[in-house]
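K.L.:
Shown below is the structure under consideration.
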Amino acid sequence: STAVPRLQNDSWGKQYSHALFKAMSHMLCIGYGQQAPEGMTDVWLTMLSMIVGATCYAMFIGHATALIQSLDSSRRQYQEKYKQVEQYMSFHKLPGDTRQRIHEYYEHRYQGKMFDEENILGELSEPLKEEIINFNCRNLVANMPLFANADPNFVTAMLTKLRFEVFQPGDFIIREGTVGKKMYFIQHGVVSILTKGNKETKLSDGSYFGEICLLTRGRRTASVRADTYCRLYSLSVDNFNEVLEEYPMMRRAFETVAMDRLDRIGE
């Protein structure tokens, strides 16, 4: 073609510039370059080059997308999960105030990131699992006299069986008269214990409640309401009894506090 000068006698800079331009045109899938192919050999070579370029381009885009997604996979999982929650709320036509409370719960419970914590801890060795749990619950242990003065083995046995829960202001964590299946340890927050005589007792960080029912195997003797956002750890009745069978002295410590609370309730 007379429109494009031959490059045999040009400098190496011009030759490589034209070659790079043609190669990038193929690789970026924007054409066949400045000069159209001439003859069947050029046509087939150009098509092969464009196919190779398109494949490399697609692989680059795929790897780049996977890299970006993997940089914050926990946030992406949270966003995907919350989209399902939004669709669920829309499907059931929940009222606006309920949707807002659900949104606030997810924000406080997961804080924009979601992990399969049980699966992660289940894959670790027991020493590593205990070390992580002790670290995560370090503030709870430091603020709670029951744990601070107890046998470290008892503390570890108790912590490994705790389950993290979040409650919003106004939530009734425990209702009077119901069968108790869990007790609670307060990591952060304020709760009110409401008795029949309309007496309110406040408990905050480092306190626990709900143990009376587990010890007496009866019904709840008072209601407990969250006054603020509360980050609690719950302990089921089966795990409670399992741990205290190994540490009978700690059962007496729980019973002492329970008897004092029953006296104040008036029973």
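K.L.:
Among the residues of region 206-248, which ones are assigned to a loop (DSSP other than H, G, I, E, B), buried (at least 16 other Cβ atoms within 10 Å of the Cβ) and touching a Gly at 6+ places or on another chain (Cβ under 7 Å)?
P.N.:
Within region 206-248, Gly210, Arg220, Tyr229 meet the criteria.
K.L.:
Also, quick follow-up: When you check Tyr82 against the structure, is it under 23 Å from Gln168 (Cα atoms) and either within 21 Å of the chain's Cα centre (by Cα) or not assigned by the TED database to the domain that holds Arg163 (or both), yes or no?
P.N.:
yes
K.L.:
Suppose the filter is in contact with a helix residue (DSSP H, G or I) (Cβ under 7 Å, 6 or more places away or on another chain), in a helix (DSSP H, G or I), hydrophobic (A, V, I, L, M, F, W, C) and closer than 30 Å to Leu244 by Cα; does Val141 pass it?
P.N.:
Against the criterion (in contact with a helix residue (DSSP H, G or I) (Cβ under 7 Å, 6 or more places away or on another chain), in a helix (DSSP H, G or I), hydrophobic (A, V, I, L, M, F, W, C) and closer than 30 Å to Leu244 by Cα), Val141 qualifies.
K.L.:
For region 34-58, enumerate the residues that are in a loop (DSSP other than H, G, I, E, B) and in contact (Cβ under 8 Å) with a residue 12 or more places away in the chain.
P.N.:
Gln34, Gln35, Ala36, Glu38
K.L.:
Can I ask one more? Could you tell me which numbered condition Arg251 fails, if it satisfies all but one of (1) open to solvent by less than 50 Å² (accessible area, probe 1.4 Å); (2) touching a helix residue (DSSP H, G or I) at 6+ places or on another chain (Cβ under 7 Å)?
P.N.:
(1)
K.L.:
Being over 25 Å from Asn134 (Cα atoms) and among the aliphatic types (A, V, I, L, M) is the filter here; which residues of region 209-267 pass it?
P.N.:
Ile212, Leu215, Ala222, Val224, Ala226, Ala258, Met259, Leu262, Ile265, listed by residue number.
Each row is one residue, and each column tells you yes or no for (1) over 23 Å from Gln168 (Cα atoms); (2) among the β-branched types (Val, Ile, Thr); (3) surrounded by 13 or more Cβ atoms within 10 Å (Cβ to Cβ); (4) under 10 Å from the mean Cα position of the chain (by Cα).
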{"site": "Asp72", "(1), (2), (3), (4)": "yes, no, yes, no"}
{"site": "Arg76", "(1), (2), (3), (4)": "yes, no, yes, no"}
{"site": "Pro95", "(1), (2), (3), (4)": "no, no, no, no"}
{"site": "Arg99", "(1), (2), (3), (4)": "no, no, yes, no"}
{"site": "Ile102", "(1), (2), (3), (4)": "no, yes, yes, no"}
{"site": "His108", "(1), (2), (3), (4)": "no, no, yes, no"}
{"site": "Asp116", "(1), (2), (3), (4)": "no, no, no, yes"}
{"site": "Ile120", "(1), (2), (3), (4)": "yes, yes, no, no"}
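Residue by residue, here is whether (1) touching a Gly at 6+ places or on another chain (Cβ under 8 Å); (2) open to solvent by less than 60 Å² (accessible area, probe 1.4 Å); (3) in the same structural domain as Leu215 (by the TED database) holds:
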{"residue": "Glu130", "(1), (2), (3)": "no, no, no"}
{"residue": "Asn143", "(1), (2), (3)": "yes, no, yes"}
{"residue": "Phe147", "(1), (2), (3)": "no, yes, yes"}
{"residue": "Asp151", "(1), (2), (3)": "no, no, yes"}
{"residue": "Thr156", "(1), (2), (3)": "no, yes, yes"}
{"residue": "Arg163", "(1), (2), (3)": "no, no, yes"}
{"residue": "Gly170", "(1), (2), (3)": "no, yes, yes"}
{"residue": "Val179", "(1), (2), (3)": "no, no, yes"}
{"residue": "Phe185", "(1), (2), (3)": "no, yes, yes"}
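K.L.:
Residue by residue through region 228-249, note down the ones that are at pLDDT 90 or above and of a type in the set (A, V, I, L, M).
P.N.:
Leu232, Leu235, Val237, Val243, Leu244 - these are the residues of region 228-249 that are at pLDDT 90 or above and of a type in the set (A, V, I, L, M).
K.L.:
Only one of Tyr16, Tyr32 is at pLDDT below 80, open to solvent by 70 Å² or more (accessible area, probe 1.4 Å) and more than 30 Å from Glu107 (Cα to Cα); which?
P.N.:
Of the residues listed, the single one that is at pLDDT below 80, open to solvent by 70 Å² or more (accessible area, probe 1.4 Å) and more than 30 Å from Glu107 (Cα to Cα) is Tyr32.
The values are calculated or read from the model by the stated rules, or taken from the named source; none is laboratory data. Quantities reported herein were computed from a predicted structural model and do not represent experimental measurements. Cβ sites come from the backbone with ideal geometry, for glycine too, and all protein chains shown count toward neighbours. SASA here: full protein model, heavy atoms, side chains in, ligands and nucleic acids out. Shrake-Rupley method; radii C 1.70, N 1.55, O 1.52, S 1.80 Å.
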